[in-house]
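Accompanying notes for the structure given below.
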Amino acid sequence: MCPEEHPRQIPLDPHRWFVFGTIAAVYFFVYFHRVAPSVIVPDLMREFQADATALGVMASMYFYLYALEQPLVGYLSDLLGPRRVVGIWSLAATAGCLLFALSPTLGWASVGRGLIGLGVGGVFIPGMKAFSQWFPKAEFSGLVGLFLAVGNLGALCATSPLAWMAQTAGWRSSFLFLGLVTLALALVILTQLKDSPGDLPASGLEEKSPPMALPNMREVVFSARFWILFSVFFGVFGSYGTLQSLWATPFLMSSLGMGRLQASLVNTLLPLGLILGAPILGRWADRIGATRRELLLGLAWTQALLWVILALGGVSGAWSACLVLFLFGFTAGGLATSFWGVVRESTPIQFMGVTTGLLNPAPFLGSGILQVATGAVLDRVGRTGETYSPLAYESAFLVCLGAALVPSLLALIFRKRIYPRAQSPSSGEYSR
C-alpha cells in the first residue's frame, strides 16, 4: 500500500488527560461568567446606582466580544496552536475579572465584562483543535460531551455557590478570587501544556483545512437555509441566554419574594436541565425515528410556549417556577443538540467550516441585544422601591417571546428549505 493509505495514529500519551483537564477547567469559567451577573444584579444596582438598561449593556459586553472574535480565534488556533491561544486569552480573562472586581464605576465594570468575554472566547475552538490532536476519533464525541458538561457545571456554580460567596465575602472579593484562579490556570497552560504528542506540529496528525474561500462564504450567506437557522439560534437560544445570564434570579426575587440564595438555587435548574436534555432528547429522537428537523421545530415552539407562561404571569409559586425553569433548560439542551445535527446533515462538507463559523456567534449576539432590550423595557415600566415589579418582568419577557416566536414561525413555514433536494453547490440548490 501507499503511505497515504495508512492514517497516522495519535499516540495515547497520558499527557492528553492533562491537556483535557486544564482546558476543561478554563472552559468551566466560560459558562460561569456567562450567567454570573444574574446572581449579583442587586449588588451591582446598589453599588453603581444603575438601572436595568445600564446593567443590560454591561452584561451584554461579554456576548458581543465573544461572538465577534470567533473567526479570528479559529484562524489563530491554526497559526499559533491551542496552548498559546488558550493561555494568552485566559490572561485577558484574568485582567477582565480583576478590572470588574476593582471597577469604580459601571463603565469600568463594562470594560471588565468585555475583557472577560474576549478572554473566555478563546477556549472552545482551540480546545476542540487540541482534543483532535491528542485523542483518536473514536473517543472524540464522548469527549466533547464531557467538555460541555464541565462548562454547564460552571453555569451551575454561578448560581447558589456564587450567591453564597457574594453574600459571605462580597461580590468584589469573589471576582478577585476568580481572577487569581484563572491566572493560575493560564500560567499552567502556557508553561506545561503541549500542543500535540511529542511536540509534533498539528499537520503531522491531521490534514489542514483549506483556506476559507470567499465564494463559499457568499454561497452560505445568500442561502435561505442559513438565515432560517441563524434566526432560530439568534432568537430562541438568545432569549434563553438572556433569562439564564441576567434576569432569572431577580425575576424570582421580585415575583415570588424569594431571597437571593433561594432564587439562585432555583436558577440552577436551567443549566441542570440543559445538561440532561441534550443527551436524553437526542437519543429519544433516534429511537422514535424523528428527524432532527422535526425535533428542532418542536423544541423551538416549546421554548416559545414557556415564554408565554412567563410573560402572562403563569409562574405563581416555587414549584411552578422550578418546573418552568427546568423545562427551559431541558428543551434548550435538546435544541442545541438537534440544531447542530441539522447543520451537519443539511450542509455540504465543503461548506461546513464556513457555515459553523458564521452560525456560532448567533446566540451570543442574540443575548447581547436582548439583554439591552429587556433592560430598557424594565426601566420603561419602572421600579417598585429598589426592585422591578413582576409586571415589569412580564413586559420584558414579551420581548423574549417575540424573539423566540418569530424565528420558530419562519422555520415552520420554510421547513423544507432546511433540507434542500440537492446539496451540491454546482447544482445551485444550496442557495435556494
inquiry  = Against the condition at pLDDT below 85, closer than 30 Å to A248 by Cα and in a loop (DSSP other than H, G, I, E, B), how does A67 come out, does it pass?
reply    = no
key: Unique match (being modelled with pLDDT of 95 or more, farther than 25 Å from V30 by Cα and out of contact with any Asp or Glu (no Cβ under 8 Å at 6 or more places or on another chain)) among L256, L297, L323   = L323
key: Tally of residues being within 17 Å of V41 (Cα to Cα) and surrounded by 19 or more Cβ atoms within 10 Å (Cβ to Cβ) across the range 158-183   = 10
ask   = Hey, does the range 62-73 have a residue that's under 23 Å from A376 (Cα atoms), surrounded by 22 or more Cβ atoms within 10 Å (Cβ to Cβ), small (G, A, S) and touching a helix residue (DSSP H, G or I) at 6+ places or on another chain (Cβ under 9 Å)?
value = no
ask   = Can you find even one residue in the range 113-134 that is surrounded by 18 or more Cβ atoms within 10 Å (Cβ to Cβ), of a type in the set (K, R) and modelled with pLDDT of 80 or more?
value = yes
query = Residues that are under 21 Å from L55 (Cα atoms) and either free of Cβ contacts under 8 Å to residues at least 60 places away in the same chain or not polar (S, T, N, Q) (or both): which helices (runs of 4 or more DSSP H) entirely in the range 79-169 hold 3 or more of them?
reply = 82-102, 106-120, 160-169
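The values are calculated or read from the model by the stated rules, or taken from the named source; none is laboratory data. Predicted model only: the values in this text are computed from it and were never measured. Here the Cβ is made from the backbone with ideal geometry for all residues, glycine too, and neighbour counts use every protein chain on show.
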